[in-house]
Amino acid sequence: MSQQPSSRASVAGAGWECPASGELRALKPRRPFSWLDPRPLLASRNDKLARAGWLGGDPTNDERRAWMAALGVSDPRIDRSDLGRVSFVLAGDTGEGDMSQYVTVPLLERLSAVTDFMVIASDVIYPAGGAATYERNFYDVYAGYERPIYAVPGNHDWYDGLTGFMFHLCGVETAPPSVGGPLLRRLLWRRPPRLDDDERAQLRALRDARPRAGQPAPYWLLDTGPLQLVGIDTGITGEIDRDQAAWLRRVSAASEKPKILITGKPLAVDGRFHPGSIEGEPGRSVDEIVRERAHNYVAAIGGDIHNYQRYPVAVEPGRTIQYLVSGGGGAFMHATHTIPKVALDGVNEEAFRCYPLRGDSLSFYSRLYATRIPFAGGLEIVPAQAAAYMAERLGIAPAKADAQAVVVSDRTRRAAARIFPLPGQGKRGLLQALFSEFFDWNDPPLFKQVLHVEASTGELRIRCLGITGCAGREAGVVEDELLAAPDADGVWQWRVAGP
Ligand SMILES: [Fe+2]
């Protein structure tokens, strides 16, 4: 992969002011995705309904149980134990079908030659699943990635009762289990869009033309020679059902191989832990299962938030688990400048990493506000100023060499003071959808990313590859690189290999 300077090295390394990739221009999405259209918001309404306790709460656990019963699978497993060495790409929150997703294509097509498969971590299809939407936001985009694709669903995939996900990822075409519960919720609840026979046949042909993946269910164990991936389905609100929890405990204890958890909801994100609740087990969590020494988890990777964050958490003396957010695979960018200085049990700011860097995130958002809000031109903060400002605000040194000697101007301070309270920078439910459209951005740097993971016996490497959309950087830029190997006691030890 490319040894180009990363966003940590310089303003230019982040891709500011670069010419757009010619490869990318050739890949223009057929139709831009639009969150401003009221239909996506209406189609996402099950999110609000599921969170309304007075309407009976979230039926997802019951629905998932019904799917699993219909599938007749109790031990969902993908057997790739033939792979003595494994190489895969992980992309999170992929499915907008617009430039934010297409910008990843030149890199994914290169990775197709050197990886065994792709894993999508949550939100395969925006805004609301749907079997028919897979043509545009999955098959068209990944036609040049000629390896199997596995996935765990995100909340957006559940807004059609998981029907589209089951059809395309699991090859199951039965109608979704009917949702019971209070009458009012049943009346308001969005049902999956119906397919006629022609549409069904056409979608089936698309599915069957892709390399066979053989994913049996929305949650699964993917067994390879040196490493196990454990994918969980966190539904709409982030909780896993009790049957899935029992399965997770069982598969986690069953093998001594190192494991990586893949989840639709990250266990550490935006400076806080989110341990992941379990149905009917207050006080117990997914994180508790991940931290159990005998289970040998070395990393937990979640989508949902559309950027990259790494928390190397010392879970006990001498043992660190990498908690990663990797959701920059194909949707609008969530801000990182709003992430507070990291001070968590087991990890501090010095060890924390993110992409985009907070200064680049602030500069990016300042440009968006400056160009999209009338008479707000004064809000723009250039990248070097933004980097210096964020370092000063957090009491840390700027990573970029060309920001280290920069003096923060009063103008920057005034602009930042106005930007931080503005809406649209964090994840705020359905309202975020409106902002994301408002802030839709199609020019470099786009600050997307995927992970490239490689493992062989006794060796593991994870690289975060930044995707800017810049000419000459189509192969990705290494923004973070980690190596791990077991010590004499068999405990996996991590080291940062760059940049
Ligand atoms: Fe998402």
Look at region 100-128 and say how many of its residues are touching a helix residue (DSSP H, G or I) at 6+ places or on another chain (Cβ under 8 Å) and open to solvent by 10 Å² or more (accessible area, probe 1.4 Å).
2
Looking at the structure I just gave you, is VAL114 touching a Gly at 6+ places or on another chain (Cβ under 9 Å) and either assigned by TED's automatic domain parsing to the domain that holds ASP160 or β-branched (Val, Ile, Thr) (or both)?
no
Top-ranked residue of region 292-305 - restricted to ones that are more than 16 Å from the ligand (Cβ to nearest atom) and within 21 Å of the chain's Cα centre (by Cα), ranked as surrounded by the fewest Cβ atoms within 10 Å (Cβ to Cβ):
TYR297
Inside region 16-123, counting only strands (runs of 3 or more DSSP E) that do not spill past its ends, which hold 2 or more residues that are in contact with a strand residue (DSSP E or B) (Cβ under 6 Å, 6 or more places away or on another chain) and β-branched (Val, Ile, Thr)?
86-92, 117-121
Could you tell me whether any residue of region 285-296 is assigned by TED's automatic domain parsing to the domain that holds LEU49, part of a loop (DSSP other than H, G, I, E, B), of a type outside the set (Lys, Arg) and closer than 30 Å to HIS334 by Cα?
no
Those residues of region 268-286 which are open to solvent by 10 Å² or more (accessible area, probe 1.4 Å) and under 21 Å from the mean Cα position of the chain (by Cα), in sequence order
VAL269, ASP270, GLY271, ARG272, PHE273, HIS274, PRO275, GLY276, SER277, SER285
Take LYS265 and tell me if it is open to solvent by 10 Å² or more (accessible area, probe 1.4 Å) and within 16 Å of the ligand (Cβ to nearest atom).
yes
Quick one: in region 52-91, which of the residues that are aromatic (Phe, Trp, Tyr) and over 30 Å from PHE447 (Cα atoms) is surrounded by the fewest Cβ atoms within 10 Å (Cβ to Cβ)?
TRP54
Determine if region 136-157 includes at least one residue that is more than 16 Å from the ligand (Cβ to nearest atom), of a type in the set (A, V, I, L, M) and over 17 Å from THR94 (Cβ atoms).
no
Any hit, region 134-148, residues being β-branched (Val, Ile, Thr) and open to solvent by 10 Å² or more (accessible area, probe 1.4 Å)
no
Would you check which residues across region 372-400 are basic (Lys, Arg) and modelled with pLDDT under 95 and list them?
ARG372
Is it the case that region 38-49 has a residue that's modelled with pLDDT of 95 or more and either out of contact with any Leu (no Cβ under 7 Å at 6 or more places or on another chain) or basic (Lys, Arg) (or both)?
no
Within region 337-366, count every residue that is of a type in the set (Phe, Trp, Tyr) and either without any contact (Cβ under 8 Å) to a residue 24 or more places away in the chain or assigned to a loop (DSSP other than H, G, I, E, B) (or both).
1
Considering each of VAL73, VAL89, VAL119 in turn, give the residue that is within 24 Å of the chain's Cα centre (by Cα) and more than 16 Å from the ligand (Cβ to nearest atom).
VAL89
Among the residues that make up region 161-173, is at least one of them out of contact with any Ser or Thr (no Cβ under 7 Å at 6 or more places or on another chain) and either in a strand (DSSP E or B) or within 16 Å of the ligand (Cβ to nearest atom) (or both)?
yes
Of these, LEU83, LEU42, which one is under 18 Å from GLY130 (Cα atoms) and either more than 21 Å from the chain's Cα centre (by Cα) or within 16 Å of the ligand (Cβ to nearest atom) (or both)?
LEU42
Taking region 306-341 as the region of interest, how many residues are more than 16 Å from the ligand (Cβ to nearest atom) and either of a type outside the set (A, V, I, L, M, F, W, C) or touching a helix residue (DSSP H, G or I) at 6+ places or on another chain (Cβ under 9 Å) (or both)?
18
Residue that is modelled with the highest pLDDT, among those in region 239-262 that are closer than 16 Å to GLY490 by Cα and either of a type in the set (Asp, Glu) or open to solvent by 60 Å² or more (accessible area, probe 1.4 Å) (or both)
ALA253
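The values are calculated or read from the model by the stated rules, or taken from the named source; none is laboratory data. All values reported here derive from a predicted model rather than from experimental measurement. Cβ sites come from the backbone with ideal geometry, for glycine too, and all protein chains shown count toward neighbours. Keep in mind that these areas ignore ligands, DNA and RNA; they rest on the heavy atoms of the full protein, side chains included. Shrake-Rupley method; radii C 1.70, N 1.55, O 1.52, S 1.80 Å.
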